[in-house]
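Peer 1: Can you read through this structure? Questions will come right after.
The values are calculated or read from the model by the stated rules, or taken from the named source; none is laboratory data. Source: prediction; values computed, not measured. A quick note on method: Cβ atoms are made from the backbone with ideal geometry, for glycine too, and the neighbour counts reach across all protein chains shown.
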Protein chains: 2
Amino acid sequence: MIDTPYLEVDVDRLDRNLAALAGAARSVGVDVRPHAKTHKCAEIARLQIEHGAVGLTVATIGEAEAFADAADVTGCTDIFIAYPLWPTAGQAARLRALAERVTLRLGIDSLAGARHLASAVGPARLQVLVEVDSGQHRTGVTPELAGSVGAAGVAEGLDVIGVFTFPGHSYGLGDTRRDAATQELAALATAADGLRANGIEPRVRSGGSTPTVGLLDAEQANVLTEIRPGVYPFNDAQQVEIGSCGFDEVSLTAVATVVRRDNHRVVLDAGSKILGADRAAWATGYGRLLDHHDARIVMLSEHHAVVEFPAGSSDERIPGIGSFVRVVPNHVCNAVNLVDELVAIDGSDTRWPVIARGRNN
Amino acid sequence: MIDTPYLEVDVDRLDRNLAALAGAARSVGVDVRPHAKTHKCAEIARLQIEHGAVGLTVATIGEAEAFADAADVTGCTDIFIAYPLWPTAGQAARLRALAERVTLRLGIDSLAGARHLASAVGPARLQVLVEVDSGQHRTGVTPELAGSVGAAGVAEGLDVIGVFTFPGHSYGLGDTRRDAATQELAALATAADGLRANGIEPRVRSGGSTPTVGLLDAEQANVLTEIRPGVYPFNDAQQVEIGSCGFDEVSLTAVATVVRRDNHRVVLDAGSKILGADRAAWATGYGRLLDHHDARIVMLSEHHAVVEFPAGSSDERIPGIGSFVRVVPNHVCNAVNLVDELVAIDGSDTRWPVIARGRNN
C-alpha cells in the first residue's frame, strides 16, 4: 500500500475520455495529435495511439527524446515539438539525432527564428510549422505575417508544411472558450491563406486546446486538419470550473489524508508539491474535492491544503481525521510533473512511470 | 554545457547567506535547525551543519529518509519532521525504522493526533513537540491548548520536549513580517507556559520562518531556543518583494533563453515547470529577473514566461533573442522540487543532486 499523498488514475474514466475525443474528431474528419506534456506517460500515449491519434505533441526536446525512447511501447514515431525553439549547438545536435529516429516536426515564429533554426540544425529531415498568435499573445506571429515567415523558412531550405496555434486564452469563464475558438479558426484561416499566397501549401492546420476541442464541429473542421489537446485524458479543476467537463469526467486525483479537523474546516497532507500551485484569477480555490463539490481549498502550502466546507454542513458529510479524500488539481499538467509514477486503478496494482517528468530542456 | 532552462546556484552568495544567518543566531544564542525542504540537497545540508546548525527540519517521512540516507555526507543525524503526521501502519513502521537511525522529532497538534501517534508507532525513541498556531491558521493548536495536548502526549508515553510554530502569515507587505514575529513570540510563550503548568519542561521553543528570522534580536531569544528557516540559503522573489532580502542576496536562479522578442516584451523558455506556479496576491508577477529589476513576468505557462520591460526602455537594455537571462523564482522551494540537480557555480562544473525531490509521503 502506498502512503498519501499520491496521484491516482481511474483507468475506466481515462478510457472514456480518450474514446469521446477520438470519436468527436473522427466524426468531423480531424486528426488528433495529443499533447503528451500533460501525462508524460508511455502507457497513456499508447492508449491515445490505439484510439487513432496520428502522432504526439510535446513542448521540449527532452520530452521528444523521452517519447522517442518509448516508441516500442507507444507505437508512435511521429513527434511535434510545438515550440519556437532557439537551439544552441548542443540542442541542434540533439534535434538532428531525433530526426534520424522519428518523423520530427518543429515550430517557427519569427524570421530570425526560421533562419537560426535552419543554420543551427542544417540539413535534417524536419517538418516545420509556423506558429500563429490567435489571441493568447504569448508566442506566434500575427496571422498576417505567417506567409512571410513561412517563405523565409522555405528560402532557408526548411520543409514548411503548415501553421499551428494554441488558443490558450480559451481558459476563462462565460463565453471565453467560444470566443477563443472563433479567433483560433480565423487566425489559422488567415495564416493558411498567407502561406498559399507565398506558394506554400498549408496542408497541416493545427489547433486545439482541451477547452476549444469540446466545441469541435463541421465548421471548425473546414479550417482545422488536426487538434492537439493535452488535458482531456484526465481533465482537472480548471476544466470543470470553465465548463469543459463535469466532475464525472475527471480521471486523475491526488489521494490525501485528513491530518486535522476543526468543525467545517479540514487540513489535508496534499499541498503544492503534489497539486502544483496554479490558481487562475477566476478559480474558486487551489483545486477541488472530487467527492465534495461544495468544499473549497482556501489555502495551499507545500504539504497542506486547508479545505472549508459550507458553514452548517452536517457533521457526517465532513471527512474525519485520518480519512482519505480525492483532490482534483487545478492544473493537472503541473501535478503530474511532480511525481515519478501514477497509480493506475485498473483492478491490479499498476504503476505508470512519468517518463518525461522534469524534461524541461 | 547544459541546455536552458536549468537552476543554478551562486555558491559564494549561498555561503554568505548561510554565514549571515548563522552569525545572527549565534549572537543571540539561538540554535539553527534549517528546513531542508527548500534545498533537498545533501551538500547544502552539509554546509548548514558546518555553519553550526544543530539538526535539520523536514516536512515528510520521505524527506527524513532521504536525509537519514545522506548522513555520511551531511554529518547530521538529528531530524525534525515538523508536521502533524497521522501515520498509517506503513508510515508507523517507517518512523520506527527512522528512529533507530537518527534522533527523530515529530509534531502533534491535537489530542486525537497525540493518541494516534503513540498507538501507531508504539515504543520508539521519539521526541515530540506540540505545534502551535501563531496566526497562520493552518495547523497547530491555539496557544492556550498546548498544555493539554502536551499532557495527553505524556499520558500516552510520548517524550514531549517543547513547542513549535510556523509563522507563515509573515509573508506579506508592510508591517506583516514584524506583526507575525510578535505573534509568533507571544504564541510560543503562552504555549510554553501551558506545558509548564502541566508539569512539562518546554526545553525546545522552536519558531522562525525566513521573513521573521531577519528580525531576530535579544527579545526574541528570550522566548525562542531554535529557529527553522528554509528559504534563506537561496532567497527568492517573494523574499525580495516583502523586504526580507535584496536582489544581491538571491543565490538561486533559473537560467533561461529568450525565444521571442517584440519591442519591450520578451518570451523566455522557463515556465511553471521549472519556476513553479506560485503567485501570492501581493506579488508583482510570476518571478523576477535578477539583472533587470524593472522587468515583470506578466504571464506564465508551463514552458513560457512573458516578460515586459517598461515602455520606452532603451533597446540595448532589453535582452535579444537567443540571449540568456537569470530568473528569480517566486517561491524557491517549489522550483527546486522540479529538478533532479542544481548546477553549482563554484569554479568547476559541479552538480548537486536534489535527493529529496518528490518525496511527498
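Peer 1: Of (1) within 12 Å of chain A (Cβ to nearest Cβ); (2) among the small types (Gly, Ala, Ser); (3) within 23 Å of A:Gln136 (Cα to Cα), B:Ala311 satisfies all except one. Which?
Peer 2: Every condition holds for B:Ala311 apart from (1).
Peer 1: So which pairs qualify, if the first residue must be in region A:232-249 and on the phi > 0 side of the Ramachandran plot, the second must be of a type in the set (Asp, Glu), the Cβ gap must be under 9 Å, and the two must be at least 6 apart or on different chains?
Peer 2: Going by the 9 Å Cβ cut-off, the qualifying pairs are A:Asn235/A:Glu249.
Quick grid of which residues meet (1) closer than 20 Å to A:His303 by Cα; (2) not polar (S, T, N, Q):
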site	(1), (2)
B:Ala24	no, yes
B:Val28	no, yes
B:Ala45	no, yes
B:Ala71	no, yes
B:Leu85	yes, yes
B:Arg94	yes, yes
B:Thr103	no, no
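Peer 1: Separate question: Keeping to region A:118-138, report how many residues are under 14 Å from A:Ala82 (Cα atoms) and out of contact with any Ser or Thr (no Cβ under 9 Å at 6 or more places or on another chain).
Peer 2: Selection size over region A:118-138: 3.
Peer 1: Of everything in region A:236-293, what is closer than 19 Å to B:Pro84 by Cβ and hydroxyl-bearing (Ser, Thr, Tyr)? Give them in sequence order.
Peer 2: Result: A:Thr257, A:Ser272.
Peer 1: In region B:142-172, what count of residues is obtained for those that are closer than 18 Å to B:Ser119 by Cβ, hydrophobic (A, V, I, L, M, F, W, C) and not in a helix (DSSP H, G or I)?
Peer 2: Summing the residues that are closer than 18 Å to B:Ser119 by Cβ, hydrophobic (A, V, I, L, M, F, W, C) and not in a helix (DSSP H, G or I) in region B:142-172 gives 2.
Peer 1: Going residue by residue through region A:139-157, is there one that turns out to be in contact with a Ser or Thr (Cβ under 8 Å, 6 or more places away or on another chain), surrounded by fewer than 24 Cβ atoms within 10 Å (Cβ to Cβ), away from chain B (no Cβ under 14 Å) and within 29 Å of B:Ile297 (Cα to Cα)?
Peer 2: yes
To keep it simple, each residue is scored yes or no on (1) under 18 Å from the mean Cα position of the chain (by Cα); (2) under 12 Å from A:Thr225 (Cβ atoms); (3) of a type in the set (S, T, N, Q); (4) modelled with pLDDT of 95 or more.
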position: A:Tyr171; (1), (2), (3), (4): yes, no, no, no
position: A:Asp193; (1), (2), (3), (4): no, no, no, yes
position: A:Ile200; (1), (2), (3), (4): no, no, no, yes
position: A:Val204; (1), (2), (3), (4): no, yes, no, yes
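Peer 1: Please find, within region A:309-321, the residue that is farthest from the chain's Cα centre (by Cα) out of those that are at pLDDT 95 or above and surrounded by fewer than 17 Cβ atoms within 10 Å (Cβ to Cβ).
Peer 2: Restricting to residues being at pLDDT 95 or above and surrounded by fewer than 17 Cβ atoms within 10 Å (Cβ to Cβ), the top hit is A:Gly320.
Peer 1: B:Gly23: touching a strand residue (DSSP E or B) at 6+ places or on another chain (Cβ under 9 Å), over 17 Å from B:Thr350 (Cβ atoms) and outside the structural domain of B:Cys333 (by TED's automatic domain parsing), yes or no?
Peer 2: No; evaluated as a whole, the condition is false for this residue.
Peer 1: Further, regarding this structure: Just checking, how many residues over region B:234-261 are within 14 Å of chain A (Cβ to nearest Cβ) and of a type in the set (Ser, Thr, Tyr)?
Peer 2: Residues flagged as within 14 Å of chain A (Cβ to nearest Cβ) and of a type in the set (Ser, Thr, Tyr) within region B:234-261 amount to 1.
Peer 1: Next up: Scan region B:314-332 for residues that are out of contact with any strand residue (DSSP E or B) (no Cβ under 9 Å at 6 or more places or on another chain) and either without any contact (Cβ under 8 Å) to a residue 60 or more places away in the chain or among the basic types (Lys, Arg) (or both) and jot them down. Can you show your working first?
Peer 2: In the first step, residues of region B:314-332 are kept if they are out of contact with any strand residue (DSSP E or B) (no Cβ under 9 Å at 6 or more places or on another chain); the result is B:314-316, B:331.
Correct list: B:Ser314, B:Asp315, B:Glu316.
Peer 1: Can I ask one more? Please tell me if B:Val343 is surrounded by 20 or more Cβ atoms within 10 Å (Cβ to Cβ), at pLDDT 95 or above and in a strand (DSSP E or B).
Peer 2: Judged against the criteria, B:Val343 is not a match.
Peer 1: Pull up region B:8-34, narrow it to residues that are within 17 Å of the chain's Cα centre (by Cα) and over 21 Å from B:Gln220 (Cα atoms), then point me to the one that is surrounded by the fewest Cβ atoms within 10 Å (Cβ to Cβ).
Peer 2: Within region B:8-34, the match that is surrounded by the fewest Cβ atoms within 10 Å (Cβ to Cβ) is B:Asp15.
Peer 1: Can you tell me which residues in region A:179-207 are touching a Leu at 6+ places or on another chain (Cβ under 8 Å) and touching a residue at least 60 places away in the same chain (Cβ under 8 Å)?
Peer 2: Within region A:179-207, A:Val204, A:Ser206, A:Gly207 qualify.
Peer 1: Condition test on A:Gly287, is it of a type outside the set (S, T, N, Q) and closer than 25 Å to B:Phe166 by Cα?
Peer 2: Yes: the conditions hold for A:Gly287.
Peer 1: Please tell me if A:Asp3 is among the charged types (D, E, K, R), out of contact with any helix residue (DSSP H, G or I) (no Cβ under 8 Å at 6 or more places or on another chain) and closer than 21 Å to A:Arg351 by Cα.
Peer 2: It is false that A:Asp3 is among the charged types (D, E, K, R), out of contact with any helix residue (DSSP H, G or I) (no Cβ under 8 Å at 6 or more places or on another chain) and closer than 21 Å to A:Arg351 by Cα.
Peer 1: Say we look at region A:270-286 and pick out the residues that are more than 10 Å from chain B (Cβ to nearest Cβ) and of a type in the set (Ser, Thr, Tyr); which of these is surrounded by the fewest Cβ atoms within 10 Å (Cβ to Cβ)?
Peer 2: This residue is A:Thr284.
Peer 1: So B:Arg359 clears everything in (1) away from chain A (no Cβ under 14 Å); (2) surrounded by fewer than 24 Cβ atoms within 10 Å (Cβ to Cβ) except one condition, right? Which one?
Peer 2: Evaluating B:Arg359 over (1) away from chain A (no Cβ under 14 Å); (2) surrounded by fewer than 24 Cβ atoms within 10 Å (Cβ to Cβ) leaves (1) as the failure.
Peer 1: Still on this structure: Considering only region A:271-301, state which residues are in a loop (DSSP other than H, G, I, E, B) and closer than 26 Å to B:Leu111 by Cβ.
Peer 2: Listed by number, the residues that qualify are A:Gly271, A:Ala295, A:Ser301.
Peer 1: Could you list all residues from region A:346-358 that are over 16 Å from A:Met1 (Cα atoms) and in a loop (DSSP other than H, G, I, E, B)?
Peer 2: Correct list: A:Val354, A:Ile355, A:Ala356, A:Arg357, A:Gly358.
Peer 1: Here's a follow-up. Any residue at all in region B:289-308 that's within 23 Å of A:Gly230 (Cβ to Cβ), surrounded by 19 or more Cβ atoms within 10 Å (Cβ to Cβ) and under 21 Å from the mean Cα position of the chain (by Cα)?
Peer 2: no
Peer 1: Would you mind finding the one in B:Val325, B:Val343, B:Val332 that is under 30 Å from A:Val258 (Cβ atoms) and β-branched (Val, Ile, Thr)?
Peer 2: After ruling out the rest, the residue left standing is B:Val332.
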